[in-house]
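Shown next, in structure tokens, is the structure this report addresses.
The values are calculated or read from the model by the stated rules, or taken from the named source; none is laboratory data. Computed from a predicted model, the values in this text were never measured in an experiment. Every residue, glycine among them, receives a Cβ derived from its backbone with ideal geometry; neighbour counts consider all protein chains shown.
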Amino acid sequence: MDSAKYELPRDIYLAETKHSSYSDLWTILKAVECRVLKITYFLNYKKANALLDVRNDVTEFLEHLTKASKISGFVKPRLFLLKAYMNVIRGRMNKAKKLVGVALRNAHNQENLLMQASIELHRKAWFDNYSATNIHWIELANQEERVDWHDVCNLSNVDYMSIMYCLPKPENHL
């Protein structure tokens, strides 16, 4: 997995980011997501030599996003979800559950239904061994019960959860 040559270094992200810019902050959230997936990969395939740099990137990004969340509140639900995932990676499940609860409260306060569905999916996947994505794509793909894309505005959280991607629970912990 040699994706490092396609990634921007964290210094570029951090130097160019404005705390009031939706695009900048969302880009950093996606960079963190990419890096936590790399951490999970490194843990699962026991590649500890590359782990430290990526973990330091994530820590610095999360600190930066925490400061930015004081100005741009839209960051909070996703930020707390990513912090929860870092605790899942570390094997700190109780702290992760608390952070998922904080993320869900923030999404609820913002009335962000899509983020609420995403957080609920992650909560179920990490703590209840639930996999709605598998159910949708494997079992319902050829049936009449599948998601009707013409009616996307009226989807429920359960429908959204059935088509969303979930950060995987690592096989090993930090």
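So which residues in region 102-117 are part of a helix (DSSP H, G or I), modelled with pLDDT of 90 or more and either within 20 Å of E33 (Cβ to Cβ) or touching a His at 6+ places or on another chain (Cβ under 7 Å) (or both), if there are any at all?
Result: V102, A103, L104, N106, A107, M115, Q116.
Name the single residue, out of those in region 1-29 being surrounded by 11 or more Cβ atoms within 10 Å (Cβ to Cβ) and basic (K, R), that is modelled with the highest pLDDT.
Restricting to residues being surrounded by 11 or more Cβ atoms within 10 Å (Cβ to Cβ) and basic (K, R), the top hit is K18.
Looking at region 112-131, which of its residues are more than 15 Å from M93 (Cα to Cα) and aromatic (F, W, Y)?
Y130
Looking at Y13, Y22, Y41 in this structure, which one is among the aromatic types (F, W, Y) and either touching an Asp or Glu at 6+ places or on another chain (Cβ under 9 Å) or over 29 Å from E120 (Cβ atoms) (or both)?
Matching residue, one of Y13, Y22, Y41: Y13.
Select from region 82-100 the residues that are part of a helix (DSSP H, G or I) and among the small types (G, A, S) and write down the one among them that is nearest to the chain's Cα centre (by Cα).
Per the stated criteria, the residue is A84.
Checking K46 against (1) modelled with pLDDT of 95 or more; (2) outside any helix (DSSP H, G or I), which test does it fail?
(1)
For L79, state whether it is surrounded by fewer than 23 Cβ atoms within 10 Å (Cβ to Cβ) and assigned to a helix (DSSP H, G or I). Steps first, answer last, please.
Details: surrounded by fewer than 23 Cβ atoms within 10 Å (Cβ to Cβ): no; assigned to a helix (DSSP H, G or I): yes.
Criteria not met by L79.
Could you identify the single residue in K97, K46, K67 that is within 25 Å of E171 (Cβ to Cβ), in contact (Cβ under 8 Å) with a residue 40 or more places away in the chain and basic (K, R)?
Details: K97 fails: in contact (Cβ under 8 Å) with a residue 40 or more places away in the chain; K67 fails: within 25 Å of E171 (Cβ to Cβ).
So the residue among K97, K46, K67 that is within 25 Å of E171 (Cβ to Cβ), in contact (Cβ under 8 Å) with a residue 40 or more places away in the chain and basic (K, R) is K46.
How many residues are assigned to a helix (DSSP H, G or I) and over 17 Å from the mean Cα position of the chain (by Cα) when one looks only at region 49-71?
So the answer is 8.
Of the residues in region 118-135, how many are modelled with pLDDT of 85 or more and part of a helix (DSSP H, G or I)?
10
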